[in-house]
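Heads up: the structure comes next, in structure tokens.
All of the numbers you see were taken from the coordinates with simple rules; none came from a lab. Every value quoted in this text rests on a predicted model; they were computed, and no experiment measured them. All Cβ positions, glycine included, derive from the backbone under ideal geometry; neighbour counts span all protein chains shown.
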Amino acid sequence: MTNFAYRDDRLFVEGVAVAEIAATVGSPCYIYSKHTLYSAFRSFRDALGPEEGLICYAVKANGNLALLSALAGLGAGFDIVSQGELERVVAAGGDASRVVFSGVGKTEAEMRRALALGIHCFNVESLPELVRLNAIAEAMGLKAPVSLRVNPDVDARTHPYIATGLKENKFGLPIAEAVALYRKAASFRGLRFVGVDCHIGSQLTDLRPFADALDRVLPEVRRLREAGMDLEHIDVGGGLGICYQDETPPSVQAYVGLIKERLAAHGLGAMNILLEPGRALVAASGILVTGIEYVKETPDKRFAIVDAGMNDLIRPALYGAWQRIVPVRKRPDQELLYDVVGPVCESADVLGRGRSLAVKAGDFLAICDAGAYGFSMSSQYNARPRPPEVLVDGERFHVIRDRETYEDLMRGEHIPRS
């Protein structure tokens, strides 16, 4: 968080005071540090090496065009799960040939569009999807590049909503089924099998699940290559966690080092590596700034009622997630315990419980590590316009998404006329 720091008790993002941004664009608002994003990407690039694979940013974490454009300029590839994300990448100047298409429910239209643009690879998750993609590619006179997503049945030791590598999860194919399909590759004339994919979950803070998954999948990959399959890459997905509270996630260097070590141990050191980081790239680059409307006290609680709600940041309500909340301007007053709550008409609309703060109505708070799964999971629930997004670059800041208007909330709706 070196690009988020206090100066004379005022919180700055790079060279700009957060209060200045909030006074200009209003609250709530998302603010991102360009240099923090750049630093995170370079840590992956340096660990992987320029010739050893491809870093495909997981667009679902945050799909703002300005952030995608910045990453494209650094040479990033992209991991997408919908045509909408693909169109965002293209609009931001991303290279379609550096895109991998994941997700369990790809439609015919999505497959055609991705094939027409020449994406790098489809991560296929079921036999019906494989059959559909083969038929579409044949009809278009193309060979679709394919990597089967293997489900290794490994416990990622993360929140059940973001665990994806267990046999009861909807993602991927059991190892034996995937191997059988690879061995029938010649029967799929519209496909070209180029790799193997394995992603076990998100916000992982321990390397052991990664190692367990690789040790289950890589022996089969080696046998397939020995049998003559020209598999070029291993896609290990994303999932590397960050420190929100007291987690101790491994470093990027340790994470990538483990992958290289396991590949070498299984005789696969020559394979290209595809990484799909999302949270680990953008989470620490963003904060959600929110203003305190009221301070309310009851016999049991103190509440700081703010203008951001669960529609703006759903992680606490959805996952029980903890994110650090800090004042935009420090007060010398005694700190007291507050529940930081929003205006949405739901008891789940709590952004932080029992936080030690010295605050008054009219103050601003910053919710930290909000660059991933913040705006991208936001909604207009309670007819609340979504907040603006701002990118700080040194001493300057740029509005990279306007605040929605009430007209935006109703755009496209029609009242039938009798």
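Side notes on the structure shown:
- Percent antiparallel among DSSP beta bridges (both partners in the chain, rounded to 5): 50 percent
- Length-normalised contact order of the range 347-418 in % [C-alpha pairs under 8 Å, at least 6 apart]: 19 percent
- Derived scalar couplings between HN and Hα for the range 17-32 equal 5, 4, 4, 5, 5, 4, 5, 7, 9, x, 10, x, 7, 8, 10, 10 Hz in order, rounded to whole Hz, by the Karplus curve 6.51 cos²θ - 1.76 cosθ + 1.60 (θ = phi - 60°), x for Gly and Pro.
- Mean ellipticity per residue at 222 nm, deg cm²/dmol - from DSSP H runs of n ≥ 4 across the chain, formula -39500 (n - 2.57): -8500 deg cm²/dmol
- Filtered trypsin sites (Lys or Arg not before Pro), the range 350-418: DSSP coil and at most 13 other beta carbons within 10 Å: K360, R411, R417
- For the chain, modelled as a GNM whose springs connect Cα atoms under 10 angstrom apart, the maximal fluctuation among V252, V124, V13 occurs at V252.
- Alpha-carbon centroids, the range 17-92 and the range 361-418: separation in whole Å: 18 Å
- For the range 327-336, putting each phi into the Karplus relation 6.51 cos²θ - 1.76 cosθ + 1.60 with θ = phi - 60° gives couplings of x, 6, 9, 6, 9, x, 5, 5, 7, 10 Hz, in residue order, rounded to whole numbers and with x for Gly and Pro.
- Whole-Hz couplings from phi, Karplus 6.51/-1.76/1.60, listed for the range 410-416; x for Gly and Pro: 9, 4, x, 8, 9, 9, x
- Among beta bridges that DSSP assigns inside the range 63-277, antiparallel share in %, nearest 5: 5 percent
- By the count of neighbouring beta-carbon atoms within 10 Å, fewest first, S69, S356 end up ordered S356, S69.
- When all alpha carbon pairs of the range 63-277 are counted in 5 Å bins from zero, the resulting P(r) reads 1, 7, 15, 18, 20, 18, 13, 6, 1, 0, 0 %.
- Fewest-first ranking of H120, H414, H266, using other Cβ atoms within 10 Å as the exposure measure: H414, H266, H120
- Coil-residue trypsin sites (Lys or Arg not before Pro) of the range 171-207, DSSP, other Cβ within 10 Å capped at 13: K184, R189
- From most to least packed by mean Cβ count within 10 Å, the peptides 295-308, 339-352 give 339-352, 295-308.
- Kirkwood Rh (inverse of mean 1/r, distinct Cα pairs), the chain, angstrom: 22.8 Å
- Each of R98, R208, R45 was scored by other Cβ atoms within 10 Å of its Cβ. Arranged with the fewest first, they read R208, R45, R98.
- Residues whose placed amide H lies under 5 Å from that of V390, excluding near-sequence neighbours: Y30, I31, Y32, I400
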